[in-house]
1. For the chain, what is the relative contact order in percent, using Cα pairs closer than 8 Å and at least 6 residues apart in sequence?
2. Can you give me the three principal axis dimensions of segment 205-292 from its C-alpha atoms, in Å, biggest first?
3. Between ARG310 and GLU328, what is the label-point separation in nm under the 7 Å Cα-to-beta-carbon projection?
4. Check the straight Cα-Cα distances from LYS126 and name the lysines below 29 Å, setting aside those fewer than 8 residues away within the same chain.
5. Once you keep just the Cα pairs under 8 angstrom separated by 6 or more residues, what percentage relative contact order results for segment 83-285?
6. Between helix 31-45 and the chain, what is the angle of the helix's C-alpha long axis to the longest principal axis, kept within 0 to 90° and rounded to the nearest 10?
7. Straight-line reach from LYS378: which aspartates and glutamates fall under 17 Å, measuring Cα to Cα and dropping same-chain residues less than 8 apart?
8. Please list 88-97, 232-241, 289-298, 376-385 highest first by mean number of surrounding beta-carbon atoms within 10 Å per residue.
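Each value in this text was obtained by applying a stated rule to the coordinates, not by laboratory testing. Everything numeric in this text was worked out from a predicted model, so none of it was measured. Here the Cβ positions follow ideal geometry from the backbone for every residue, glycine too, while neighbour counts run over all protein chains shown.
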Amino acid sequence: MTDLSATNAVTDRPGGAAITDHFAIGGYSSAESASESVREYLDSQRPATPCLALDLAVVRDRYSRLRAELPTARICYAVKANPDPRVVAELVSLGASFDVASPGEIDLCLRQGAAPESISYGNTIKKPADVAHAHRKGVRLFATDSAADLENIAENAPGSGVFCRIAVDNTGSRTPFGRKFGSSPADAALLLGRAGDLGLDPRGVSFHLGSQQLSTEAWEHGVAAAAETFRAFDPGSGPRMLNLGGGLPATYTQPTPDLAEYTGTVRATLRRHFGEQPPELLVEPGRYLVGDAGVLRSEVVLVSEDTTGRGRWVYLDAGRYNGLAETEGEAITYRLRTSRDGDPVGPVVLAGPTCDGDDVLYQHTVYELPTTLRGGDKLDVLSAGAYTASYSSVCFNGFDPLTTYCFDSAETTERA
Ligand SMILES: Cc1ncc(COP(=O)(O)O)c(C=O)c1O
């Protein structure tokens, strides 16, 4: 696990990316250049803050990188990461499938042109009415991890395919799932056997190694655990699909392995456990596809410093309740830029605008920001395309939910 206190979101800044770098052949070479492109869009459009701007060209770039690395895998975008209809529509046009968590996400995907058979209901916690809704709309693939949920699927989505989620070690994840989901590999085999008895199709096994998973080795453990469930069946008679879940990272302050390191580990581990007969693959990336595509622009409301040793506090118009929920526990440490970058810097505590004592973004992680920063200045939160707008409250303290502006820098470039 990376030592958070050692990271500094401002001083890691590589020297200004040139605008012409943004459209390098092969797509966005770095999260840095992607962010710069979004910041230019924000500078030119000057929307009211706080807001999220998201470049669909970066989503396309990340999708095609993953497609190239896992050419046979079904890529199901985890809609929860950013349910903006334009993001979903873009991914529909690229041929993506979708991992959804609720009837609301199913309807959203269908409205954007997704085929029902491209939708996988990945939430193991479902009401009977939710399953019936999904089935009515043509969804035929469901995750499960309990006998009660399996009965619910059998009753309300008869004949559907099911995959069983197993609990796996989340070490290395910045936002692990704890013990909320998943059965043991042995119980998964029992559930899949029971699925067959109930007239369902026992399609496969899934796991999720925790979001923002920085350890490529985690996939070794995940694939090994899933292989245990597969081994409980005679070859050719049991599950045939392995769902590798999400977990691929966006670019925050900690270094992340390259995508090829993750996929290389997956390929090698599959060979070790499945030999020449690998299962069908499915992946459910959320953060990886949209994280680096977005920049959350905020405004400094107030800077306060007193003589009691509280330090320098910078209060933004964006906080825990209107976009920056993932700063809870300082789990996600975003890269930051300000309109005064280049001036001398000093340590700050960063906080949101509400009257809630928990609305503090970073007080343990060392962030250094320009000492000249004052009310009215802009502060940009980079790689903020995932789990920001979708986590934003509807009106805590009377603040509006985070507005999203999608644009396409490739189209802008062509028009220019
Ligand atoms: C079932 C499932 N699949 C995929 C994802 C996406 O994970 P990530 O954003 O880490 O790729 C999540 C996130 O919570 C999830 O719950």
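1. Working: 925 pairs, mean separation 84.9, N = 416.
With pairs under 8 Å counted, the relative contact order is 20 percent.
2. 46, 20, 16
3. A separation of 2.6 nm, rounded to one decimal place.
4. Cα-Cα hits under 29 Å: LYS80, LYS137, LYS180.
5. Values: 385 pairs, mean separation 31.7, N = 203.
The normalised contact order for segment 83-285 reaches 16 percent.
6. Tilt relative to the chain: about 60 degrees.
7. Straight-distance partners of LYS378: GLU36, GLU40, ASP43, GLU299, ASP317, ASP341, ASP343, GLU368.
8. Values: 88-97: 19.0, 232-241: 13.9, 289-298: 30.2, 376-385: 24.3.
Final packing ranking: 289-298, 376-385, 88-97, 232-241.
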